[in-house]
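Structure first, commentary second.
None of the figures in this text is laboratory data; all of them are computed from the coordinates on show. Note that the coordinates shown come from a computational prediction; the quantities given were computed from them, not determined experimentally. Counting neighbours? That spans all protein chains shown, and the Cβs are built from the backbone with ideal geometry, glycine included.
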Amino acid sequence: MSPYKFCAGLLAVSCLAAPALAAREARAQYIMGTVLEIQAEGPRADAAVTAAFEEVRRWDGLLSLYKKESELSRLNASAGDRPFACSPDLWRALESAFAISRETRGLFDPTVLPLLRRGPQALPLVGLDNVRANAHRRTIFFKKRGMGLTLDAHGKGWALDESARLL
């Protein structure tokens with residue numbers, strides 16, 4: 001038998017077996033400033049992909065700097081005025097970001113928002129030593145007015161990890 005006929009036979013078997021495989025769903029949406037594609041396979045693939053996108057949208061609603069009503073935007077608006085009480089979800093994301101900042105000795109720094117917005121003159125507003133975090137009360141207090149947190153890349157990764165748990 002020629003090798004070409006053998007390959008064609010395998011392809012035909014694969015095609016015939018395809019309907020027996022679980023359903024597959026793939027969708028792409030613009031979320032968190034980027035195109036996100038989610039694929040799932042299984043009897044509830046459609047529902048799983050929908051739930052995963054909803055989870056990413058939920059995190060976008062918590063962590064976005066571009067939505068005034070997001071919890072992170074409200075935290076940043078309170079800078080230097082009063083301690084901000086975080087939801088359990090925001091607290092988990094911030095704890096993770098702070099831990100990475102400590103592990104990298106500040107190479108990853110979620111406090112760089114003032115620097116990104118105002119340039120080098122805002123450098124005194126940067127650094128975890130200017131943030132007071134109370135784990136018992138889940139509060140964040142900025143020691144200086146004008147400070148702010150950004151979780152851009154970390155927030156995207158966090159949202160993806162959380163949505164992956166649903167899948």
Give me the one-decimal nm value for the distance between modelled label points at Arg57 and Asp129, 7 Å along each residue's Cα-to-Cβ direction. 4.4 nm
Express in nm, to one decimal, how much length is gained between His136 and Arg118 on full extension, taking 0.36 nm for each residue of separation and deducting their alpha carbon distance. 3.2 nm
Pop the C-beta distance of Ser73 and Ala23 into the FRET formula with R0 = 41 Å and round what comes out to the nearest 0.05. 0.60
With all pairs of different alpha carbon atoms counted, what Kirkwood hydrodynamic radius in Å does the stretch 8-167 show? 17.8 Å
Over the stretch 41-102 - Rg/Rh using Cα atoms and the Kirkwood inverse-distance radius: 1.12
Charge context of Gly42, other residues only, Cβ under 13 angstrom, K/R +1, D/E -1: -1
Can you give the extra length, in nm with one decimal, that the chain gains between Ala99 and Gln39 once fully stretched, where that is 0.36 nm per residue apart less the Cα-Cα distance? 18.5 nm
Want the number for Thr50 to Arg145: 0.36 nm per residue separation, take away the alpha-carbon distance, what's left? 30.2 nm
